[in-house]
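A.B. asks: To start, I am sharing the structure in question, which I have written as structure tokens.
The values are calculated or read from the model by the stated rules, or taken from the named source; none is laboratory data. It should be emphasised that the depicted structure is a prediction, and the values quoted were computed from it without experimental measurement. In this analysis, Cβ positions are derived from the backbone assuming ideal geometry, glycine residues included, and neighbour counts consider all displayed protein chains. Accessible surface is based on the protein model in full, side chains and every heavy atom, while ligands, DNA and RNA are left aside. Shrake-Rupley method; radii C 1.70, N 1.55, O 1.52, S 1.80 Å.
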Amino acid sequence: MWPRISIIWLNYNSGRIIELVLKSLEAVASLDYPSDRYELIVVDNGSTDGSFEAVRDYLEKKGGLRKKVVRLEKNLGFTGGNNIGFRARDRDSEYVVLLNNDAIPFQDSLKAMVEHMEQFNYAALQGVILKYGAKNIIDTAGDFHDEFFNSIPVGQGKPYPWIIRKPFYITYADGSYSIYRVDAVRRCVGERLFIDESFAYGDDNYLGLMFWNCGYRIVTIPVATAEHYRSGTFGKIHGIQWYLSVRNEIALNVVANSRFKSLVNLYALKGFITPTVAKGGLWSLHLQAVRDGLRYGRKLRRKIGPIDIYKAPLVDLSVGEALSLLLMPRRVYAKTMEGKLGRIIEKYQAPSS
């Protein structure tokens, strides 16, 4: 018998992409998985643009779908909203699935992910997620961290399947569409998926590292599972998004044990002179994020303890690469990493059966 699944689907002011949002819900209802074995948990993060009402009205007309709808009074972010969804799950659910409201799961995707999770005792898993509206272009096939806590998305912008032909271990699964073992979450994190205070940008990577530190593994399988319109809800990086990204990266450096800990803080300060900061006038916000990140990291270390990043699949840097990274623009570094991904994937290959 197929295991029970709870799909957590978060909404926040998605009116400008409401057609895509309703497509996502329709795709959930059309999944090739026994309808009595999965439920949809919609968590609305205090939307004020009418999107909640559109989602609610759609679901009220949709028969045959097991569903729960939770409306929050205020925006608790990606972390808080998903934590609410996790606590609202069916207590018999063996897995929870995170699905962004701007992601369209393929009909056979849930079965493919569950079958692999049933075969191996992984904490989390994802497939290959394609860019929405593009013809077989990869959005993400999972993420690696390097020792500076840069996230390195696998295959982004490459034609599917690229070099992704076998399962491989990753640092963390992308929260746009991924599956998690409930027992692993409860053992490693507790009755939540994420650290509430992270809010967003620096959430699924923390979770991934906590799983690896707890003795579990995370994998990508070579199966296309969804299309994703990235940043459909948040939009382009600016303001609060930039702040959270910098703050959470600094906090992770405090908690974790990178060999280049002192250089990572310098690297974060380097962001002060990036074009994004200059064009957006984000200088004071960037400095505030660095200061708050140091404070938040100390609080986090007391709360969850230290994290050993070397228990997870990682992109190792030579001393020379680490020093050059302080001078190298991130886009140049990203290109450099592309050339290494084939070897990295080969290094971290996982069993296929």
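A.B. asks: Where in the range 303-353 are the helices (runs of 4 or more DSSP H), entirely inside, with at least 2 residues that are more than 22 Å from the chain's Cα centre (by Cα) and among the small types (Gly, Ala, Ser)?
C.D. replies: 319-325
A.B. asks: Kindly evaluate Ala268 against the criterion of being touching a Lys or Arg at 6+ places or on another chain (Cβ under 6 Å), under 29 Å from Leu76 (Cα atoms) and at pLDDT below 95.
C.D. replies: Spelling it out, it is not the case that Ala268 is touching a Lys or Arg at 6+ places or on another chain (Cβ under 6 Å), under 29 Å from Leu76 (Cα atoms) and at pLDDT below 95.
A.B. asks: Modelled with pLDDT of 95 or more, within 18 Å of Phe86 (Cα to Cα), of a type in the set (Ser, Thr, Tyr) and open to solvent by 20 Å² or more (accessible area, probe 1.4 Å): does that describe Tyr58?
C.D. replies: Against the criterion (modelled with pLDDT of 95 or more, within 18 Å of Phe86 (Cα to Cα), of a type in the set (Ser, Thr, Tyr) and open to solvent by 20 Å² or more (accessible area, probe 1.4 Å)), Tyr58 does not qualify.
A.B. asks: Would you point out the residue of the range 81-108, among those that are aliphatic (A, V, I, L, M) and in contact with an Asp or Glu (Cβ under 9 Å, 6 or more places away or on another chain), that is farthest from Asn45 (Cα to Cα)?
C.D. replies: Filtering the range 81-108 for residues that are aliphatic (A, V, I, L, M) and in contact with an Asp or Glu (Cβ under 9 Å, 6 or more places away or on another chain), the one farthest from Asn45 (Cα to Cα) comes out as Ile104.
A.B. asks: Go through the range 287-301 and give me each residue that's closer than 8 Å to Val254 by Cβ and either open to solvent by 100 Å² or more (accessible area, probe 1.4 Å) or among the acidic types (Asp, Glu) (or both).
C.D. replies: Those that are closer than 8 Å to Val254 by Cβ and either open to solvent by 100 Å² or more (accessible area, probe 1.4 Å) or among the acidic types (Asp, Glu) (or both): Arg298, Arg301.
A.B. asks: Can you list residue pairs whose Cβ atoms sit under 7 Å apart, with the first residue in the range 109-131 being within 15 Å of Met1 (Cα to Cα) and the second being part of a loop (DSSP other than H, G, I, E, B) and among the hydrophobic types (A, V, I, L, M, F, W, C)? Count only pairs 6 or more apart in sequence or on different chains.
C.D. replies: Leu110/Leu31; Val114/Trp2
A.B. asks: In the list Glu227, Glu197, which residue meets the criterion of being modelled with pLDDT under 95 and under 17 Å from the mean Cα position of the chain (by Cα)?
C.D. replies: It is Glu197.
A.B. asks: Out of the range 69-106, which residues are in a helix (DSSP H, G or I) and open to solvent by 10 Å² or more (accessible area, probe 1.4 Å)?
C.D. replies: Matches in the range 69-106: Phe78, Ile84, Arg87.
A.B. asks: Let me ask another. (1) open to solvent by 10 Å² or more (accessible area, probe 1.4 Å); (2) assigned to a strand (DSSP E or B): which one isn't true of Trp162, the others all being true?
C.D. replies: (2)
A.B. asks: Regarding Gly215, is this residue free of Cβ contacts under 8 Å to residues at least 60 places away in the same chain and assigned to a loop (DSSP other than H, G, I, E, B)?
C.D. replies: yes
A.B. asks: Could you tell me whether Ile18 is β-branched (Val, Ile, Thr) and farther than 20 Å from Ile179 by Cβ?
C.D. replies: yes
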